[in-house]
Amino acid sequence: MRYFILLFINLMLSESLISQELEPRNYSILPIGLNAAALGYIYSSGDIVSDATSPIKDLELTSNTIVASYVRTFGLFGKLARVQAIVPYVFLGGDLKVNGRDTSGSRTGFADTKIKFGINLIGSPAMEPREMMKFSEKFVLGTSVVFSLPTGQYYTERLINLGSNRFSIKPEIGMSYKLESFYFEFFTGVWFFTKNSEFLKTNTVTQNPLLTMQGHISYLFPSKIWISGNVGYSGGGDSKINDDVKNDFQRNVRSGVTLSVPFSMSHSVKASVNTGVTTRVGGNFTTLSLIYQYIWF
């Protein structure tokens with residue numbers, strides 16, 4: 001039981017960074033040759049455990065994350081493609097009760113790096129900035145693949161880590177439709193995980209695939225400010241240690257709002273908030289983020 005508790009916390013920490021995100025405009029049209037660098041702050045707080053049968057109670061985690069990312073767009077087979085790298089640095093602290101006993105701790109370091117490659121297959125040809133200004137966007141269908149790399153802080157003898165000590169991959173398909181000033185979007189993908197053979201030094205952790213879905217409705221103002229309502233679902237992802245199966249199948253729903261404000265052609269700020277709506281296991285926390293972005297050609 002002790003190992004199950006520790007595994008649960010580690011998986012929830014890593015999944016809060018990769019499966020609970022709500023990110024609109026992932027497949028929006030962009031000109032080729034665009035570079036975008038972003039620096040952001042993300043605050044998360046809440047109880048990641050809501051299973052009434054769990055021996056973990058009153059688990060309150062607070063994380064302050066600094067995120068750096070870079071995006072480059074280019075043409076591939078006449079279509080718009082993009083590649084993105086995301087590197088998070090986390091300050092984590094928390095308190096919990098395990099079978100009635102209080103405990104607490106903190107961690108500081110890098111979480112796992114993510115690399116994302118995407119291409120828009122329909123409705124988004126590779127265009128220079130001048131061409132894109134004349135283009136009328138309607139229906140866009142795209143696909144992407146995200147790789148989560150085990151670059152985060154991980155100590156085999158420690159109970160809780162910021163890194164997952166395993167590779168993960170998520171193929172995804174997404175679509176959007178523009179109707180006047182509204183954008184309607186839907187994405188769905190599946191995370192696949194390799195095993196972690198060094199959990200508490202000698203134990204092997206495996207996890208089943210985790211389904212993710214997102215829906216977004218965005219409105220673009222004439223000033224180029226846009227706002228979006230977001231909803232996301234994650235399901236599956238149950239795990240086991242060695243041959244012992246854990247009852248941690250997820251069925252979680254989150255919702256949130258995103259606001260993006262450009263200050264010039266090159267500078268913009270994006271703010272968002274999202275929180276758990278219904279939670280079976282994990283996901284019962286609130287996240288606030290503020291991202292500054294600079295673009296150039």
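The values are calculated or read from the model by the stated rules, or taken from the named source; none is laboratory data. All values derive from a computational prediction rather than experimental measurement. Heads up, the Cβs are rebuilt from the backbone with ideal geometry, glycines too, and the neighbour counts pull from every protein chain shown.
At-a-glance table
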read-out: Options Thr103, Thr73, Thr53; residue that is at pLDDT below 95 and either assigned to a strand (DSSP E or B) or crowded, with 20+ Cβ neighbours inside 10 Å (or both); value: Thr103
read-out: Qualifying positions in segment 165-186 - closer than 18 Å to Leu121 by Cα and among the small types (Gly, Ala, Ser); value: Gly174, Ser176
read-out: So Thr108, is it part of a strand (DSSP E or B), modelled with pLDDT of 95 or more, β-branched (Val, Ile, Thr) and out of contact with any Cys (no Cβ under 9 Å at 6 or more places or on another chain); value: no
read-out: Extreme residue, nearest to Ser234 (Cα to Cα), among residues of segment 115-174 that are among the basic types (Lys, Arg) and in a loop (DSSP other than H, G, I, E, B); value: Arg166
read-out: Cross-chain or 6+ apart pairs with Cβ under 6 Å, segment 81-95 first and within 16 Å of Gly163 (Cα to Cα), then β-branched (Val, Ile, Thr) and assigned to a strand (DSSP E or B); value: Val87/Thr113; Pro88/Thr65; Pro88/Val67; Tyr89/Ile66; Val90/Thr65; Phe91/Thr108; Gly93/Thr62
read-out: Among residues of segment 241-270, those that are in a strand (DSSP E or B) and closer than 23 Å to Gly189 by Cβ, counted; value: 11
read-out: Tabulated pairs, segment 124-145, first at negative phi, second surrounded by 14 or more Cβ atoms within 10 Å (Cβ to Cβ) and of a type in the set (Val, Ile, Thr), C-beta under 6 angstrom, 6+ apart or interchain; value: Ser124/Ile29; Ser124/Val140; Ala126/Ile32; Glu137/Ile29; Thr143/Ile173
read-out: Any chance Lys178 is more than 24 Å from Ser106 (Cα to Cα), touching a residue at least 24 places away in the same chain (Cβ under 8 Å), touching a Lys or Arg at 6+ places or on another chain (Cβ under 8 Å) and surrounded by 15 or more Cβ atoms within 10 Å (Cβ to Cβ); value: yes
read-out: Residue match in segment 183-196 (condition: modelled with pLDDT under 95, crowded, with 21+ Cβ neighbours inside 10 Å, polar (S, T, N, Q) and outside any loop (DSSP other than H, G, I, E, B)); value: yes
read-out: Number of positions in segment 27-50 that are modelled with pLDDT under 90, assigned to a strand (DSSP E or B) and not polar (S, T, N, Q); value: 1
read-out: Residue among Gly118, Gly152, Gly163 that is closer than 25 Å to Ile225 by Cα and either out of contact with any helix residue (DSSP H, G or I) (no Cβ under 8 Å at 6 or more places or on another chain) or surrounded by 15 or more Cβ atoms within 10 Å (Cβ to Cβ) (or both); value: Gly118
read-out: Conditions (1) in contact with an Asp or Glu (Cβ under 7 Å, 6 or more places away or on another chain); (2) within 25 Å of Phe184 (Cβ to Cβ); (3) basic (Lys, Arg): number failed by Lys201; value: (2)
read-out: Residue match in segment 236-252 (condition: modelled with pLDDT of 90 or more and either crowded, with 21+ Cβ neighbours inside 10 Å or of a type in the set (D, E, K, R) (or both)); value: no
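Condition check ((1) in contact (Cβ under 8 Å) with a residue 24 or more places away in the chain; (2) hydroxyl-bearing (Ser, Thr, Tyr); (3) farther than 30 Å from Glu157 by Cβ) across all residues:
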position	(1), (2), (3)
Phe182	yes, no, yes
Thr188	yes, yes, yes
Trp191	yes, no, no
Thr206	yes, yes, no
Gln214	yes, no, yes
Gly235	yes, no, yes
Asp238	yes, no, no
Val245	no, no, no
Val269	yes, no, yes
